[in-house]
Amino acid sequence: MKINKNSLIYMMSLFPILVSQVVYTIINSKFATFLLVLKMFVFIYYFGKKVIRHYISVLDMAVGMYFVVWGISVFINEESIVEYAKESIVICTLIFMVEEAKHTDIKAFFDALTLMLFSLFLINFVVAIIVPNGLWQTMSIYGTEADYMFLGLGNQLTPMFLIALMTALFQYEIKNIKFVILYGIVLLGNVYFMSSATAIVGSCVMLGIFIITKTTGKYKIPKIAMAIVVVVGISIVIFRIQYIFSFIIENILGKTLTLSSRTIIWDKALALIGKEPIIGYGAGTLATVIQDRNAHCFFLQILIQSGIIGLLCYINVFRVVLKKCKKYSKLKSYIIINSCICGYLTCCITEVYSQNFLILILCIAFIGSNLETVIQESSNNIS
């Protein structure tokens, strides 16, 4: 990887978005405000680029439809427009940034993303070795101690971790083997200190699908895996089939069959959805309703925030992206990206993450054919 002017611009652009994960943003409001201001400048920069290009993609329109519905829900329910605006700005920034990279220097963007994630996880690993009990402790709602690492709580690191794993697999495909080995050691060290069953399961699903697809040459495997994940997810959340996997859940993952009380939260979330099924409740945290930060299922959370209409809009975003994935399914880049989407969706069954990282993955999927040229050029240079 070579750092050039474009790489530096993308690294500076990604900095306030990725560093928002750092624990210091939780305990220092001034630092969080500083990052918010930086995000605004980055948004204005890429919005300006977007206006100059006069370019609107199908993905822009699909995501825009979802935000319109979510915004209507926020307005009707008199929820916090500030929280809605914060998330909207970051997501729009990521979309505009990736689309700008597509038209200018996709390699510089991906190198910047890779180096930023590698650096953050390296720091997280080193800090975890020095301070294994975390930089900051607080009590969870379950009465247990929550230890915050440099990059925050283990479970909430999972989306960022899966994207880092995706960038590592890209480096593997372009034969940057020495860096991949170092990156792999750093990521394995982080998994150990994260102590997140969700991260382990998601990573195993992602790597399993990648390896099986690569070795068998059956490019429909990620598509089939996605369908299985959706069916299993619905079956666990609605029909509670996790009892079938009691041995794995209790003896291997060390969890209860309520999945750390998630089934109780799901019941409350489903009852809540039943009262406002069409448009949802807006951008609230739901703390006063289900005594938790979120619904502990990404798609239940979407239903709560924006109802059935919002969920359909989100499914449309997936449809737009997966249409591209199907067209280029035999490309090395799409084997990696599709595997990452499968791993991420698996984690979404029991967790709710910021939409930023999911949208970033979907944006990368949308321009995956451009990333393929980077892999091919690197292979040609090695040859």
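Could you list, in sequence order, the residues of segment 260-279 that are part of a loop (DSSP other than H, G, I, E, B) and either at pLDDT 85 or above or in contact with a Ser or Thr (Cβ under 6 Å, 6 or more places away or on another chain) (or both)? Once the filter is applied, which keeps residues that are part of a loop (DSSP other than H, G, I, E, B) and either at pLDDT 85 or above or in contact with a Ser or Thr (Cβ under 6 Å, 6 or more places away or on another chain) (or both), segment 260-279 yields Glu276, Pro277, Ile278, Ile279.
Consider segment 183-207 and keep the residues that are free of Cβ contacts under 8 Å to residues at least 60 places away in the same chain and surrounded by 15 or more Cβ atoms within 10 Å (Cβ to Cβ). The one that is nearest to Asn133 (Cα to Cα) is Met194.
The single condition among (1) within 30 Å of Met149 (Cα to Cα); (2) modelled with pLDDT of 90 or more that Thr198 does not meet is (2). Mind checking whether some residue in segment 106-119 is under 18 Å from Val19 (Cα atoms) and surrounded by fewer than 17 Cβ atoms within 10 Å (Cβ to Cβ)? There is at least one residue in segment 106-119 that is under 18 Å from Val19 (Cα atoms) and surrounded by fewer than 17 Cβ atoms within 10 Å (Cβ to Cβ). For segment 298-312, the candidate set comprises residues that are farther than 11 Å from Gly280 by Cα and surrounded by fewer than 21 Cβ atoms within 10 Å (Cβ to Cβ); within that set, the residue that is modelled with the highest pLDDT is Leu312. Out of the residues in segment 61-101 that are among the aromatic types (Phe, Trp, Tyr) and within 20 Å of the chain's Cα centre (by Cα), which is nearest to Pro277 (Cα to Cα)? Only one residue fits best here, namely Trp70. Looking across segment 146-205, the residues that are farther than 21 Å from Val22 by Cα and among the charged types (D, E, K, R) come down to Glu173, Lys175, Lys178. Condition (residue is at pLDDT 90 or above, in contact with a helix residue (DSSP H, G or I) (Cβ under 9 Å, 6 or more places away or on another chain) and over 30 Å from Gly154 (Cβ atoms)) applied to segment 8-31: is it met by at least one residue? Scanning segment 8-31, I find at least one residue that is at pLDDT 90 or above, in contact with a helix residue (DSSP H, G or I) (Cβ under 9 Å, 6 or more places away or on another chain) and over 30 Å from Gly154 (Cβ atoms), so the answer is yes.
Could you please find all residues in segment 328-358 being out of contact with any Ser or Thr (no Cβ under 8 Å at 6 or more places or on another chain), in a helix (DSSP H, G or I) and more than 20 Å from Ile228 (Cα to Cα)? If the condition is that a residue be out of contact with any Ser or Thr (no Cβ under 8 Å at 6 or more places or on another chain), in a helix (DSSP H, G or I) and more than 20 Å from Ile228 (Cα to Cα), then Lys332, Gln355, Asn356, Phe357 are the ones that fit.
The values are calculated or read from the model by the stated rules, or taken from the named source; none is laboratory data. Because the structure is predicted, anything quoted here is derived from the model rather than measured. FYI the Cβ positions are ideal-geometry reconstructions off the backbone, even for glycines, and counts take in every protein chain you see.
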